[in-house]
Amino acid sequence: MDDTKTRIISATMKAVRQHGLEGIRVQTVSELAGISPGALYRYFEGKDQLIVECFTYVDKQAAAIFEQISFNPLTMLTAPMEAVKSLWLPYFRFWTSHPDETVFYHRFRDSSFFPKYDKDRDVAYFDTFIGMVRIFKKVFPKLNQINQDLLWLHVLTSTVMYAKYVVEGVLPNDQETEDAIFHLLTTGLSGYLKPKRSKKP
């Protein structure tokens with residue numbers, strides 16, 4: 001991505017963190033990015049397009065976390081909750097190490113912008129994560145009994161919400177917090193992580 005465009009996106013998320021989605025102005029973003037308002041309009045048609053592109057930018061960064069994880073499916077059989085945590089922890093730490101992105105992402109998903117955007121968006125960049133989920137569902141067929149939209153909405157929304165509390169200083173950024181949040185998120189999930197029994201010959 002063009003360096004100026006990246007600066008504009010970063011400045012927009014910083015402005016949203018400071019002023020909220022409804023409170024940001026092109027002038028404010030331009031000043032934070034170190035460019036003129038006219039230069040901003042060479043990259044974006046207006047504030048709405050800018051906000052949507054910011055979300056897509058962050059969403060792709062979050063999805064890329066799963067491209068970097070070394071995932072061993074065998075751990076699902078020997079230590080299923082550890083297998084879940086090995087995927088969740090790098091994702092959670094991405095958010096806690098990116099304060100502006102976390103606050104922006106949380107506010108956008110909770111805004112009137114999101115339902116319309118979510119209806120038509122292409123999430124092909126989550127293919128690696130989706131592939132991991134398919135493996136889990138194959139090994140643990142009971143997971144198919146859970147409403148999938150509800151399950152992932154719970155995990156994603158709660159993870160970002162707790163990360164927001166961390167970056168805002170409401171919760172400490174330490175191991176104890178991570179362990180407690182993971183336990184809260186996965187309470188009740190362990191009952192579904194029972195491997196499929198092989199049929200006796």
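The values are calculated or read from the model by the stated rules, or taken from the named source; none is laboratory data. All of these numbers come straight from a predicted model, not from anything done at the bench. Cβ sites come from the backbone with ideal geometry, for glycine too, and all protein chains shown count toward neighbours. Ligands, DNA and RNA are excluded from the accessible area calculation, which covers all protein heavy atoms including side chains. Shrake-Rupley method; radii C 1.70, N 1.55, O 1.52, S 1.80 Å.
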Pairs where the first residue, in the range 62-88, is assigned to a helix (DSSP H, G or I) and surrounded by 15 or more Cβ atoms within 10 Å (Cβ to Cβ) and the second is among the polar types (S, T, N, Q) and at pLDDT 90 or above, C-beta under 6 Å, 6+ apart: Phe66/Thr128
Lone unmet requirement of (1) more than 24 Å from Thr75 (Cβ to Cβ); (2) of a type in the set (A, V, I, L, M, F, W, C); (3) in contact with a helix residue (DSSP H, G or I) (Cβ under 7 Å, 6 or more places away or on another chain) for Leu185: (1)
Failed item, numbered, when Thr157 is tested on (1) surrounded by 18 or more Cβ atoms within 10 Å (Cβ to Cβ); (2) part of a helix (DSSP H, G or I): (1)
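Every residue, every condition in (1) modelled with pLDDT of 90 or more; (2) at positive phi; (3) among the aliphatic types (A, V, I, L, M); (4) loosely packed, with under 15 Cβ neighbours inside 10 Å, yes or no:
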| position | (1), (2), (3), (4) |
| --- | --- |
| Thr96 | yes, no, no, no |
| Asp118 | no, no, no, yes |
| Arg121 | no, no, no, yes |
| Ala124 | yes, no, yes, yes |
| Val139 | no, no, yes, no |
| Lys142 | no, no, no, yes |
| Asn147 | no, no, no, yes |
| Val170 | yes, no, yes, yes |
| Lys196 | no, no, no, yes |
Filter pass, Glu67 being farther than 27 Å from Tyr162 by Cα and at pLDDT 90 or above: no
Residue, most open to solvent (accessible area, probe 1.4 Å), within the range 18-59, restricted to residues that are outside any helix (DSSP H, G or I) and of a type in the set (Asp, Glu): Glu45
Failed item, numbered, when Glu176 is tested on (1) part of a helix (DSSP H, G or I); (2) open to solvent by less than 60 Å² (accessible area, probe 1.4 Å); (3) free of Cβ contacts under 8 Å to residues at least 24 places away in the same chain; (4) under 27 Å from Arg17 (Cα atoms): (2)
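Have a look at Leu50, Leu32 and point out the one that is touching a residue at least 12 places away in the same chain (Cβ under 8 Å) and more than 23 Å from the chain's Cα centre (by Cα).
On the way: Leu50 fails: more than 23 Å from the chain's Cα centre (by Cα).
After applying the criteria, what remains is Leu32.
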Test for Ser10: is it open to solvent by 20 Å² or more (accessible area, probe 1.4 Å) and of a type in the set (Gly, Ala, Ser): yes
Flag if Ala39 is touching a helix residue (DSSP H, G or I) at 6+ places or on another chain (Cβ under 6 Å) and touching a residue at least 12 places away in the same chain (Cβ under 8 Å): no
Boolean, Glu82 is under 16 Å from Ile9 (Cα atoms), of a type in the set (D, E, K, R) and out of contact with any Cys (no Cβ under 7 Å at 6 or more places or on another chain): no
